[in-house]
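Note sheet for the following structure.
The values are calculated or read from the model by the stated rules, or taken from the named source; none is laboratory data. On a predicted model such as this, the values are computed, not experimentally measured, just so you know. A quick note on method: Cβ atoms are made from the backbone with ideal geometry, for glycine too, and the neighbour counts reach across all protein chains shown.
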Amino acid sequence: MMRARRVAATVVAVLLTTGVAALSRLPVTLTRSDEARLRLSWRLQGRAGEDCRRPSPEELERLPVHMRNPAACIGRITPYRLEVGVDGRTVVVDTLHAAGARADRPIYVFREIRLPPGDHRVAVRFRALTGALPGAEAGGDPPAAEDPPTGDSSAWAIDEVVRLREREIALVTYDRERRALTVRHGGG
Amino acid sequence: MGRITRRAIKGLRRLIARLDAAFNALYGWKYNPLYHSGALAVAAFVALLGTGLYLIFFYRIGAPYASVARITGQAWTGRWIRGIHRYASDVAVVAAAVHAARMFVQDRSWGPRALAWVSGLGLVFLFFVCGWTGYVMVWDVQAKLLAEEGARIMDALPIFSEPIRRTFVGEQPIPGAFFFLNLFAHIALPVGVALALWIHVSRIARPSLLPPRRLMWGVAGLFLALALVWPLSMDAKADLFSVPRSVSVDAFYTFWLPVTRAFSPGWVWTGFLAVSLVLVAVPWAVRPRAGAAPTPYVVNERFCTGCSQCALDCPYEAISMFRRGDGREGLVARVDPDLCVSCGICAGSCAPMGVGPPRRTGRDQLVRVKQFVDRHAPTGEDVILVACTRGAGGVGAMGGFAGAPVFPVSCAGSLHTSVIEYLVRSGAGGVLVASCPPRDCWNREGVKWLEERVYYEREAELKERVDRSRVRLVCAGEAEIGRVAAALEAFRAEVRALGRSAVEEGIEIDTECDVPDPEALDKVMG
């Protein structure tokens, strides 16, 4: 009886221990798909600007004399438009605003697009929206970027064939040396 | 709480009681790991510290994966130590979960115990975060997913100057500062764990921080053997440019990883906060309704001799000794109602029976036992069962059990020995006290003190004149009614062999106690 109890106690202890060890290395399938990803990620300081307008004489009349400025301006970082096309199909159209509570931080781009493995024609266009507020006049500082854009709009656009292997992530980012958007693969 | 919730809790309590009974049958209550769940978690923490201190010397921030792979490749001086480190972290979580479940279903999480509950949750949280950083240190596939998912969730908070997620997109190599910060957190968090542990046990006297050696080394030996026989392997190195098809997750630490990936950070935060809120609110949700909560104990200063035994025995350090203010020499005990869980241990420790709330002091117990004797008129061969109402097979809730009259007590530790004396001297053939197993006492030390009072002359001791052969203690869990029945049967046979006991009339109970000398009193006063 005592021996049987000891054997049972040992078996239970071993089973519990093995159970804990097995659960600590549980294989979990995350995806059964071979889909690859096109990842877009870069950071841009953004173009600082002001939206100005001329208040009407009635509006100026309502203000104290010392506050009657002929131009009322609001500082802002210019929003940017991101457009991504894959194989001639537009997959992303988005307006990106500067980060931060006051929208005065850089603009961060991060998108992931699932694509089947193979060759894909990828067209990315990222441009400042220069349109100002109604009745406003564009003004302010020149663009100040992490790596200052060249001013050449082609630096913020690519249009090329990207080859994606199974479950590969290709990164579209801003290359500081080339001063242009570029596609990076795992190999380098 | 609704009726369904109460039923669910009751069902869970029964399940745990049955598991307790099964483990008691296998290992005995002394080495039942379920009873030592809290202490096992602490022992695992100590093992983590020891193995972690060793492993840290071989970890390289500049080459995290390679250094861990090197450790894992060293069969004699690395692999098994890493295995123990990993398994100890898992044991800590399992043990903590069992401990928390026990405290919850056994109704030991509210009132003065709320601090232990909330700090326990803090401990588990710190363990999780520490485990998270530990897994990231390896920088394998799971580590990358943990880092990415953590960054995704954290980026939802508007507190970072730029998204953390950018660190892991592949624009640049992962900066060494990331691994340094991660390592720093992994080392610093155990300091927080130690602090939280100190808070966790701060309201209890004599906390059992480590399990019995046999159990502790047994568990350690099993996991050591496992680490040698089934060594830890390494997943593939983290690759920022590939989508992993599968990953090895630790069901105790990273179980949430496959789940949270399916939800937006907002939902993840909502779920996390909701679960946290529910867990933190447990002490308030399960507390008895106003008026139903047991009254904290009070001291009748007229009877208190200042012996300080109640202060020594109190498992919650709720009783302090003060200089008397009534013109008499010496000390007087006072109960802090904010710390008192109304366990009743002090009622059993007070020889002059001067402590306790109405109806539960030693004097009240004596009144009750006199009525009990009048009602049952025990013969010289009858065994009276004195049983704890919370455990001991549930016989404490019965009027009689297997032909034996039952005298219920709220805790074996609150039983005043004069009750046993009265029963024996009034002619009962024997008194069988059925208590919960020591490590599962609702009041922590009830049965321990009772045993010392009955057999080792601890105040308030069972007087010498009481024949010990007519007194027995049995420890049985809530689901161990068979153990009580067997002990009763065996004790009945012994009592029959002893013959009839003498019946006394006009029993006088001695309420004297030894008052320590003034020097000892000063020590108690601190």
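So the values come out like this:
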{"read-out": "Answer residue from segment A:176-186, given it is part of a loop (DSSP other than H, G, I, E, B) and at the interface with another protein chain (Cβ under 8 Å from one of its Cβ atoms) and is farthest from A:Val124 (Cα to Cα) among those", "value": "A:Gly186"}
{"read-out": "Single residue of B:Arg289, B:Arg245 found to be over 24 Å from B:Val46 (Cβ atoms), within 14 Å of chain A (Cβ to nearest Cβ), free of Cβ contacts under 8 Å to residues at least 60 places away in the same chain and charged (D, E, K, R)", "value": "B:Arg245"}
{"read-out": "Among (1) in a loop (DSSP other than H, G, I, E, B); (2) touching a strand residue (DSSP E or B) at 6+ places or on another chain (Cβ under 6 Å) - the single one B:Gln142 does not satisfy", "value": "(1)"}
{"read-out": "Qualifying residues in segment B:153-197 (those that are outside any helix (DSSP H, G or I), charged (D, E, K, R) and touching a strand residue (DSSP E or B) at 6+ places or on another chain (Cβ under 7 Å)) - the one surrounded by the fewest Cβ atoms within 10 Å (Cβ to Cβ)", "value": "B:Glu162"}
{"read-out": "Residue check for B:Arg86: within 12 Å of chain A (Cβ to nearest Cβ) and in contact with an Asp or Glu (Cβ under 6 Å, 6 or more places away or on another chain)", "value": "no"}
{"read-out": "Failed item in (1) surrounded by fewer than 18 Cβ atoms within 10 Å (Cβ to Cβ); (2) within 12 Å of chain A (Cβ to nearest Cβ); (3) under 28 Å from the mean Cα position of the chain (by Cα), with B:Ser276 passing the rest", "value": "(2)"}
{"read-out": "Positions within segment A:15-57 being among the aliphatic types (A, V, I, L, M) and within 7 Å of chain B (Cβ to nearest Cβ), in sequence order", "value": "A:Val20, A:Ala21, A:Leu23, A:Leu26, A:Val28, A:Leu30"}
{"read-out": "Breaking point among (1) in contact with a Leu (Cβ under 8 Å, 6 or more places away or on another chain); (2) buried (at least 23 other Cβ atoms within 10 Å of the Cβ), for B:Val373", "value": "(2)"}
{"read-out": "Qualifying positions in segment A:61-107 - closer than 13 Å to A:Ala128 by Cα and hydroxyl-bearing (Ser, Thr, Tyr)", "value": "A:Thr78, A:Tyr80, A:Thr95"}
{"read-out": "Flag if B:Leu210 is surrounded by fewer than 18 Cβ atoms within 10 Å (Cβ to Cβ), part of a loop (DSSP other than H, G, I, E, B) and not small (Gly, Ala, Ser)", "value": "yes"}
{"read-out": "Test result for A:Gly118, of a type outside the set (Val, Ile, Thr), at pLDDT 85 or above and farther than 30 Å from B:Pro158 by Cβ", "value": "yes"}
{"read-out": "Spans of helices (runs of 4 or more DSSP H) in segment B:415-514 with at least 2 residues of a type in the set (A, V, I, L, M), closer than 21 Å to B:Met353 by Cβ and in contact with a strand residue (DSSP E or B) (Cβ under 8 Å, 6 or more places away or on another chain)", "value": "B:417-425, B:446-455"}
{"read-out": "Lone unmet requirement of (1) modelled with pLDDT of 95 or more; (2) surrounded by fewer than 16 Cβ atoms within 10 Å (Cβ to Cβ); (3) closer than 22 Å to B:Phe223 by Cα for B:Arg60", "value": "(3)"}
{"read-out": "Matching residues in segment A:95-111 - criterion: being more than 13 Å from A:Pro79 (Cα to Cα), within 10 Å of chain B (Cβ to nearest Cβ) and touching a residue at least 24 places away in the same chain (Cβ under 8 Å)", "value": "A:Phe110"}
{"read-out": "Total residues in segment A:54-90, condition farther than 23 Å from A:Arg105 by Cα and either among the aromatic types (Phe, Trp, Tyr) or assigned to a loop (DSSP other than H, G, I, E, B) (or both)", "value": "11"}
{"read-out": "Segment B:221-242: number of residues that are at the interface with another protein chain (Cβ under 8 Å from one of its Cβ atoms), buried (at least 16 other Cβ atoms within 10 Å of the Cβ) and hydrophobic (A, V, I, L, M, F, W, C)", "value": "6"}
{"read-out": "Selection status of B:Val278, closer than 30 Å to B:Ala100 by Cβ, aliphatic (A, V, I, L, M) and at pLDDT 90 or above", "value": "yes"}
{"read-out": "Candidates B:Ile71, B:Ile9, filtered to the one that is within 22 Å of B:Cys343 (Cβ to Cβ) and more than 14 Å from chain A (Cβ to nearest Cβ)", "value": "B:Ile9"}
{"read-out": "Top-ranked residue in segment A:159-175 [being surrounded by 20 or more Cβ atoms within 10 Å (Cβ to Cβ) and more than 9 Å from every other protein chain (Cβ to nearest Cβ); ranked as nearest to A:Arg32 (Cα to Cα)]", "value": "A:Leu164"}
{"read-out": "Residues located in segment B:153-181, provided they are in contact with a Pro (Cβ under 6 Å, 6 or more places away or on another chain) and either more than 24 Å from B:Phe263 (Cα to Cα) or within 14 Å of chain A (Cβ to nearest Cβ) (or both)", "value": "B:Asp155, B:Ala156, B:Phe179"}
